[in-house]
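The values are calculated or read from the model by the stated rules, or taken from the named source; none is laboratory data. Keep in mind the model is a prediction, meaning the values are calculated, not measured. Cβ atoms come from the backbone with ideal geometry, glycine included; neighbour counts cover every protein chain shown.
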Amino acid sequence: MILCKWEKLIATLNPSNPNSRNLSADCIQNLINQSEEEQESVRTSLIEGILDRAMVIDKQQYVQVNQAILIRLIDKIYSYKQKDGLCPILLTAYNTINHHLETTLEFIEDFFRNYFDRNERVPLACLLTSIQELSRQIDILKETFESNEGIDFRLTNILINNFKRFCVQKIPGATYKELLYQKDLINELLAHKMLESEVSIKEALFYFNFNDNDYISYVYYKLNALEESLSTKAEKVAALRLEQKNINQLAIKLNCCLCCTMPSLKEQVNHWLEEEIKFLETDLAVEKIHKTDIEAEDKIQTSLSVAKLALLIRLMVADKIVTNRVVAQILRVIIKMFTTINKENISFGSLETKYHNPDRGTINAVKDMLFRWINILNKL
């Protein structure tokens, strides 16, 4: 109820009221003086009202009710000023009283910011002033983009269109949160060296959670381009994993977003990356199985054990049938070309151990095998 006097005073100046047009200059000046006194009185009453309330919810409701009334009064003054044929002294009264109201609203925002409702609509007069400044900054932003050919024009269009769309669509009413987001974002973009590269712009947009549909589509386009530039699925997976790591490590501003009804920018991009990586890894697994099957078919199938195969290789090396000097090189070739009775893929360590340390049982088994070979040779 602390704003009742101000409401009555403003109603007296309603240009639709025939009596307001007959007010003398002294009477109007007296109303201006009353408004100035009311400004100080309201501030004192606001502070006392907060101190009198113990519960946080009561403090919040108290501040937000007075905030809403002040916004309505500022809008009312603005509507009065749109009337035709107003005398200069009446316009002066409107401007002065409007200034009293706005400074009181700013006082609430500054001193009671924990209770101030950021989802409340900005007074139209204040919004139009902010949009005028935002439009000036848009022109600077556009000129800066045009002078930097290293930044993709698609990205510059997305950002410029976002700010222009806000200036047009939000004139009927934008919330404090929406206006503050746009002002903070454009100020950050216009900061020193921020527009030098797409990397710095990307960091700013992720920090402010710029979850704009067009920008998200642009991020997907860049990721697809990265994929297409690589030849193998393994390279694509590695590149996407690196992008995901870099994105997840980007700093973000808490409780900040362009569109509060949509998932965050980081969440949407992460989901796309996970799905794409999962798809590529599934294809890789199928290719690996197929490749393993082909490799098995290309190898020489044997009924030998690893120990017997290792001993036969040693015999050929000892007899200089195989003349390679490096034993490890020979063993690696054997692994790629041969299978054993139990294994399609021979372990290098197992083959090397059995090559250098053949057991007595294996030596006797190979002797018997060589005698069989002699009998076979006699029959040829």
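Structure summary
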| item | result |
| --- | --- |
| Subset of region 161-196 that is under 18 Å from the mean Cα position of the chain (by Cα) and surrounded by fewer than 16 Cβ atoms within 10 Å (Cβ to Cβ) - its residue that is farthest from residue 114 (Cα to Cα) | 194 |
| Any hit, region 10-26, residues being surrounded by fewer than 14 Cβ atoms within 10 Å (Cβ to Cβ), part of a loop (DSSP other than H, G, I, E, B) and aliphatic (A, V, I, L, M) | no |
| Test: residue in region 215-236 that is on the phi > 0 side of the Ramachandran plot and surrounded by 14 or more Cβ atoms within 10 Å (Cβ to Cβ) | no |
| Residue match in region 228-236 (condition: over 16 Å from the mean Cα position of the chain (by Cα) and of a type in the set (A, V, I, L, M)) | yes |
| Failed criterion for residue 328 (all others in (1) over 15 Å from residue 310 (Cβ atoms); (2) assigned to a helix (DSSP H, G or I) hold) | (1) |
| Filtered residues of region 70-129 (kept if buried (at least 16 other Cβ atoms within 10 Å of the Cβ), outside any helix (DSSP H, G or I) and basic (Lys, Arg)) | 121 |
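Yes/no per residue for (1) exposed (fewer than 14 other Cβ atoms within 10 Å of the Cβ); (2) at pLDDT 85 or above; (3) touching a Phe, Trp or Tyr at 6+ places or on another chain (Cβ under 7 Å):
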site: 312; (1), (2), (3): no, yes, no
site: 320; (1), (2), (3): yes, yes, no
site: 323; (1), (2), (3): yes, yes, no
site: 337; (1), (2), (3): yes, no, no
site: 353; (1), (2), (3): no, yes, no
site: 359; (1), (2), (3): yes, yes, no
site: 371; (1), (2), (3): yes, yes, no
